[in-house]
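> One structure, as structure tokens, below. Some questions next.
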Amino acid sequence: MLELNYKPVLPARMDCGIGICGAGGIVNDAHLPAYRKAGFKVRGIFDLDGDKAEQTAARYEIPKVYSSLEELAGDPVVQIVDVAVPATQTHGVVEVVAGAGKALLLQKPLAEDLETARRTVALLESHRVLAAVNQQLRWDPGVRACSDLIGRGLLGEVYNLSLLIFVDTPWHLWGWLKEKATIDVLYHSIHYLDAIRFLTGAQPERLYADGSTCPGYDARGETRVCLHLGFAGQLRATVLTNHHVAFGLEGQQSELRVEGTEGAVIRRLGLLMNYPKGVSDGFRYTCRGLAKGQWLSTELEGSWFPDAFVGPMASLMRALAGEIAAPETAVQDNLKTLELVFAAYESMRSGQVVRL
């Protein structure tokens, strides 16, 4: 059996101090469990709701609860601030933290419009601090293993990527999100667009998107999406999502497919089915040069939640230590993902293909 390279590269030194800004569900259910497993050092936490911060600190044995963002930013034992607040608040947090010279890991999306995202990046660059965005699907074990197969040339020339997501998403868990005019692409399929960029190493030349919701559903924005990306040559990528598949697991599907001239991969993203409990992941691949083209199944350690959350932080730590030139999901790179997101909304409004 082929040994796949899919685990995140950890920094040489593991004593970099992390301060957390935000004590919501994503921090409690993903960030902190991942950091605990990795052995990262969380020094303190702040939230506008002090009780939530105290509860999270007690749950994860975090030694300090800050009374203000300024106190967190000024703590000398903190080198990286992990920001997990609503996107509308990110720029304001960056103003304080970057001004204190701290590196930042920012929740996705970086902003809810491209102009604000660019202003945030310019602000970070003016303070000369390192910053990355938590686009952690790139570090899902199956996505990383797929990248390994592509990098070894075992799939040949990749010509098609598909993300097929037909699930029953409990949108009621995020009442604030149902009120937004931009839902799936900005807050969900942004992960798929970023993973496509990662796996292909390319930016598409054109994009078409159509978004809608379910008849009678009370969301303002799109909860069903069809996205098609055209690259140079024969490479194409498609994202199809429907978050209203409400007739049991048997009719649901959540997978990434990558097809090349010499092989193919199917990665089941089990988290999205029966969310938030999820079902088991899966990873199958076939290559003409291995096992006479038979399909092989491999069990990978970890899953998207929480394990993939190690990757963005580890990458930022390595960049801060000078081990790599820049974090993999640096804010500058993330602007290219956001350009696809907002091109998708432009295509939805116009009904036309957008040239990139």
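> If Ala291 satisfies all but one of (1) without any contact (Cβ under 8 Å) to a residue 12 or more places away in the chain; (2) in contact with a Gly (Cβ under 7 Å, 6 or more places away or on another chain), what's the number of the condition it fails?
It fails just one condition, (2).
> So Glu328 fits all but one of (1) part of a loop (DSSP other than H, G, I, E, B); (2) surrounded by 23 or more Cβ atoms within 10 Å (Cβ to Cβ); what number is the exception?
Every listed condition holds for Glu328 apart from (2).
> How many residues are crowded, with 19+ Cβ neighbours inside 10 Å and closer than 13 Å to Cys16 by Cα if we restrict to the range 76-88?
Qualifying residue count for the region: 5.
> Scan the range 228-239 and give yes if some residue there is under 17 Å from Leu177 (Cβ atoms) and part of a loop (DSSP other than H, G, I, E, B), otherwise no.
No, that holds for no residue.
> Please verify whether Ala246 is surrounded by fewer than 16 Cβ atoms within 10 Å (Cβ to Cβ) and outside any strand (DSSP E or B), treating the condition exactly as stated.
Yes.
> Within the range 33-47, identify whether any single residue is touching a residue at least 60 places away in the same chain (Cβ under 8 Å) and small (Gly, Ala, Ser), and answer yes or no. Walk me through it before giving the result.
The first filter runs over the range 33-47 and keeps only residues touching a residue at least 60 places away in the same chain (Cβ under 8 Å), leaving 33-35, 37-38, 40.
This time we only want the ones that are small (Gly, Ala, Ser), so: 34, 38.
Yes, there is a match, as at least one residue in the range 33-47 is touching a residue at least 60 places away in the same chain (Cβ under 8 Å) and small (Gly, Ala, Ser).
Yes/no matrix, rows are residues, columns are (1) buried (at least 21 other Cβ atoms within 10 Å of the Cβ); (2) at pLDDT 95 or above; (3) out of contact with any Phe, Trp or Tyr (no Cβ under 9 Å at 6 or more places or on another chain):
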{"position": "Asn28", "(1), (2), (3)": "no, yes, no"}
{"position": "Ile45", "(1), (2), (3)": "yes, yes, no"}
{"position": "Leu48", "(1), (2), (3)": "no, yes, yes"}
{"position": "Arg59", "(1), (2), (3)": "no, yes, yes"}
{"position": "Glu70", "(1), (2), (3)": "no, yes, yes"}
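> Related question: Being at pLDDT 95 or above, crowded, with 16+ Cβ neighbours inside 10 Å and in contact with a Phe, Trp or Tyr (Cβ under 9 Å, 6 or more places away or on another chain) is true for just one of Val143, Val129, Val133. Which residue is that?
Val143
> I would also like to ask the following. Counting only residues that are closer than 19 Å to Phe309 by Cβ, give me the helices (runs of 4 or more DSSP H) lying completely in the range 7-79 with at least 2 of them. Outline the logic, then answer.
Values: elements: 32-38, 50-60, 69-73.
Filter on the range 7-79 gives 32-38, 50-60.
> Any chance you could count how many residues in the range 245-291 are aromatic (Phe, Trp, Tyr) and farther than 17 Å from Gly302 by Cα?
The number of residues fulfilling the criteria is 2.
> What are the pairs, 6+ residues apart or on separate chains, where a residue within the range 64-88 that is under 24 Å from Ala330 (Cβ atoms) has its Cβ under 7 Å from a residue that is assigned to a loop (DSSP other than H, G, I, E, B) and acidic (Asp, Glu)?
Cβ pairs passing all conditions: Ala87/Glu112; Thr88/Glu112.
> Go through the range 249-279 and give me each residue that's of a type in the set (Ser, Thr, Tyr) and either outside any strand (DSSP E or B) or out of contact with any helix residue (DSSP H, G or I) (no Cβ under 7 Å at 6 or more places or on another chain) (or both).
Thr261, Tyr275
The values are calculated or read from the model by the stated rules, or taken from the named source; none is laboratory data. From a predicted model like this one, the values you see are computed outputs, not experimental measurements. Cβ: placed from backbone, ideal geometry, glycine included. Neighbour counts: every protein chain shown.
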